[in-house]
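Contents: one structure, followed by commentary.
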Amino acid sequence: MSQYLYIILMLVGIYGLLSQKNIIKMIISLNILELGLNLFIISTGYISGSNAPIIIFENDTNFVDPLPQAIVLTAIVIGFGVTAVALMLARNIYKKNGTLEIDEIRGEDND
Amino acid sequence: MINPILLVAIPLLAAFLSIMVKKLSGVFLFGVSLFTAIGSFFIENGSYVIGGWKPPFGINLVVDDYSFLILIIVNILFFLTLLNGMWDLKKNETVLLVTLAGVNGIVMTGDFFNLFVFMEIIAISAYILASSTEKYYSVFKYLILGTVGSSLYLFGIIILYGTAGTLNMADLASKLPEISNSVKVLAFTFIFSGLAVEAKILPFNSWVRGIFGNSNTLTGPMFSTVYATVSAAVVGRVFGQILTIDTNLIYAFITLTLMTFIFAESAAMASKNLRSILTFSSIGQAGLIITMFLLGGFYAALIQLVNNAFAKMVMFSIATKTYSSNEDDDIDNLAGIFRKHYMMGLGFTISALSLIGLPLFFGFYGKINILQTAFATNMWIPAFILIGSIIEGIYYIRLLVKLWNPGKEGDESSEEAGTSYTILNGFTVSIIALVVGAVFVVAGITPEFLVENIEKAANSLGDINTYLSSVMGGI
């Protein structure tokens with residue numbers, strides 16, 4: 001049951017988001033969360049002993065579920081976009097505040 | 001009649017073209033948003049198969065009376081918001097076009113994973129739009145919460161996929177009785193948590209203050225109307241029609257949404273800044289509307305959704321315009337500003353009074369239907385809604401008195417005591433405020449022309465069989 005391992009990976013990511021005070025480490029935690037989720041999705045479509053879902057002969061019915069793989073492909077691309085935006089924000093936060101530690105960033109209440 | 005896929009495809013195409021032809025990006029933006037605002041009137045009900053894969057295997061777009069109403073509202077709001085915020089575009093034309101494609105897609109989609117993709121498209125463009133106010137740390141907090149929320153949503157729908165073997169909304173709705181209750185509770189909780197981030201429900205809405213409270217004349221109306229309408233409408237579609245909750249879980253969700261309403265209205269009462277007050281009011285209204293969707297009062301929810309969207313557009317565009325002209329929106333410093341700008345003041349006042357549901361305005365029908373729906377359930381829910389509404393009424397009346405009436409309480413008000421602040425470039429904003437205000441008054445006296453369409457939309461949301469047959473009939 002490798003699914004539990006991937007759920008633990010997701011929980012590690014959430015723990016990192018809650019405990020880390022550095023913006024880069026938070027982005028890494030976010031990526032760990034997404035990685036655990038993607039592995040979990042892949043594992044739901046896995047059938048032990050099956051082939052890759054590339055159908056060459058029409059009578060070949062022994063293959064894993066292809067839909068989770070398509071979903072994960074989309075989710076990886078989306079995760080890449082989110083990470084890119086997050087790094088853009090991290091760069092701008094550093095330019096504005098001179099630090100990446102969230103304790104040292106001045107509050108941004110509406111002023 | 002046009003194919004509804006064009007409402008998604010043309011904004012996306014224009015977004016790519018606007019990168020290549022930078023000089024024409026403004027033309028693309030206004031032209032395409034005008035096209036979708038007009039084109040959304042000319043789409044026909046039905047299920048549209050994309051790419052030749054019939055549902056439940058492929059992705060389909062569903063247009064029924066509900067998505068038709070939301071599409072029209074959202075596209076009109078988008079166009080009006082662009083007119084209000086055209087001084088603050090800041091080279092965001094491409095992002096706005098992608099947003100337009102995303103909001104049109106998320107309203108029409110008939111597939112849960114497709115909904116996730118559109119949700120992320122909207123969210124990523126929201127991060128980029130919000131970062132144009134240069135409050136990067138607030139945007140970063142929004143990004144973290146939004147990404148965790150959409151991951152939870154994806155986790156929830158994958159649990160449903162692993163159990164029922166489908167991601168198509170209609171197919172899943174027909175297979176829902178076969179899924180065991182424990183799986184449903186787990187999956188629904190994850191899906192609700194994911195949607196609650198964008199819908200501003202209580203434990204997930206800590207991002208709202210940093211984003212809405214620091215908004216400029218483009219992002220303020222955009223987030224508080226287009227995004228708020230779409231996110232509430234998605235919760236209505238998912239939890240009102242497709243994933244109907246028949247366990248006690250619904251009371252847990254309603255507790256959260258009612259707490260959102262009460263706490264946000266209380267926080268608005270304690271706020272001193274114009275944009276903060278409107279921010280907390282937006283959160284409160286989102287809680288109220290989603291409570292109605294969960295209770296099954298679709299008619300009340302939709303009236304309040306329309307009412308809130310147009311009222312917030314007028315109020316947020318005036319509030320952000322005031323801030324951008326004066327770099328300050330403390331209501332004590334703004335006392336009497338509507339004496340100078342009486343056109344904006346009139347529109348703001350009518351919108352605020354309609355939002356709190358005074359008779360003779362359109363919002364009255366929303367409040368009376370909300371209370372009727374609530375009283376049909378038990379005695380606790382209407383009590384909370386009444387308390388929240390009273391708090392809302394008090395702070396809006398107090399705000400209006402302050403903004404019209406300079407000088408200290410008890411003294412005779414005079415022009416000299418008024419503020420020295422002015423509002424620049426306010427012509428478009430005041431025209432739109434007056435038009436929307438006039439619609440609120442006319443719809444308050446003769447509500448038939450709006451209410452009939454909303455009732456049709458509410459009926460189609462409550463009728464799952466018509467939805468199923470429209471999708472499965474397409475096979």
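For the listed residue pairs B:Lys367/B:Lys456; A:Lys95/B:Lys90; B:Lys340/B:Lys367; A:Lys96/B:Lys90; A:Lys96/B:Lys23, the alpha carbons are over 23 angstrom apart in B:Lys340/B:Lys367; A:Lys96/B:Lys23.
Counts of other chain beta carbons within 10 angstrom of each beta carbon in peptide B:140-147 average 6. Computed from point charges on the beta carbon alone (+1 for Lys and Arg, -1 for Asp and Glu), the dipole magnitude for chain B about its Cα centre is near 640 Debye. Peptide A:67-79 has a mean shielding of 4, counted as Cβ atoms of other protein chains within 10 Å of each residue's Cβ. Averaged over the residues of B:160-170, the number of partner chain Cβ atoms lying within 10 Å of the residue Cβ comes to 2.
Close amide H partners of B:Asn205, meaning residues 5 or more places away or on another chain with modelled amide H under 5 Å apart, do not exist here.
Scalar couplings 3J(HN,Hα) for the stretch B:240-256, obtained by applying the Karplus form with A = 6.51, B = -1.76, C = 1.60 to θ = phi - 60°, are x, 10, 7, 9, 5, 8, 10, 10, 5, 4, 4, 6, 5, 5, 5, 4, 4 Hz; x denotes Gly and Pro.
Sorting the segments A:47-58, A:84-95, B:364-375 by their mean number of nearby beta carbons within 10 angstrom, highest to lowest, gives B:364-375, A:84-95, A:47-58.
Residues in the stretch B:89-105 carry Karplus couplings, in order, of 5, 6, 6, 9, 4, 4, 4, 5, 5, 5, 4, 4, 4, x, 5, 5, x Hz; the curve used is 6.51 cos²θ - 1.76 cosθ + 1.60 with θ = phi - 60°, and Gly or Pro positions show x. Rounded to the nearest whole Hz, the Karplus-based 3J(HN,Hα) values (6.51 cos²θ - 1.76 cosθ + 1.60, θ = phi - 60°) of the stretch B:296-309 follow the sequence x, x, 5, 4, 4, 4, 6, 4, 5, 4, 5, 4, 5, 4, with x at glycine and proline.
Suppose only helical runs count, i.e. DSSP H with n ≥ 4. What mean residue ellipticity at 222 nm does that imply for chain B under -39500 (n - 2.57) per run, divided by all residues and rounded to the nearest 500 deg cm²/dmol?
Theoretical 222 nm ellipticity from helices: -23000 deg cm²/dmol.
So what's the gap between the Cα centers of the stretch B:135-208 and the stretch B:381-397, to the nearest angstrom? One Cα centre to the other: 30 Å.
Which one of A:Ile78, A:Ile14, A:Ile42 has the biggest mean-square fluctuation once chain A is modelled by GNM with Cα springs under 10 Å? Ranking A:Ile78, A:Ile14, A:Ile42 by mean-square fluctuation puts A:Ile78 first.
Relative intensity of the protein assembly as shown on a log10 scale, I(q)/I(0) at q = 0.12, 0.13 Å⁻¹, equals -1.25, -1.47, per a Debye sum over C-alpha point scatterers of equal strength in the absence of solvent.
Counted by Cβ distance under 13 Å from A:Ala90, the other residues give a net charge of +4, where Lys and Arg count +1 and Asp and Glu count -1.
When only Cα pairs below 8 angstrom with a gap of at least 6 residues are kept, the stretch B:6-472 shows a relative contact order of 17 percent.
Distances between placed amide hydrogens fall under 5 Å for B:Asn45 paired with no residue 5 or more residues away or on another chain.
Translational diffusion coefficient, Stokes-Einstein: compute it for chain B using the Kirkwood radius over C-alpha pairs as Rh, at 20 °C and 1.002 mPa s, and state it as an integer in µm² s⁻¹.
Value of D from the Cα-based Kirkwood radius: 95 µm²/s.
Taking amide H atoms as placed 1.01 Å from N in the peptide plane, the amide H of B:Asn92 has no partner under 5 Å among residues 5 or more positions away or on other chains.
Read-outs throughout are calculated quantities, based only on the coordinates presented, and are distinct from any laboratory measurement. It should be emphasised that the depicted structure is a prediction, and the values quoted were computed from it without experimental measurement. Note that each Cβ is placed from the backbone with ideal geometry, even for glycine, and that neighbours are counted across all protein chains shown.
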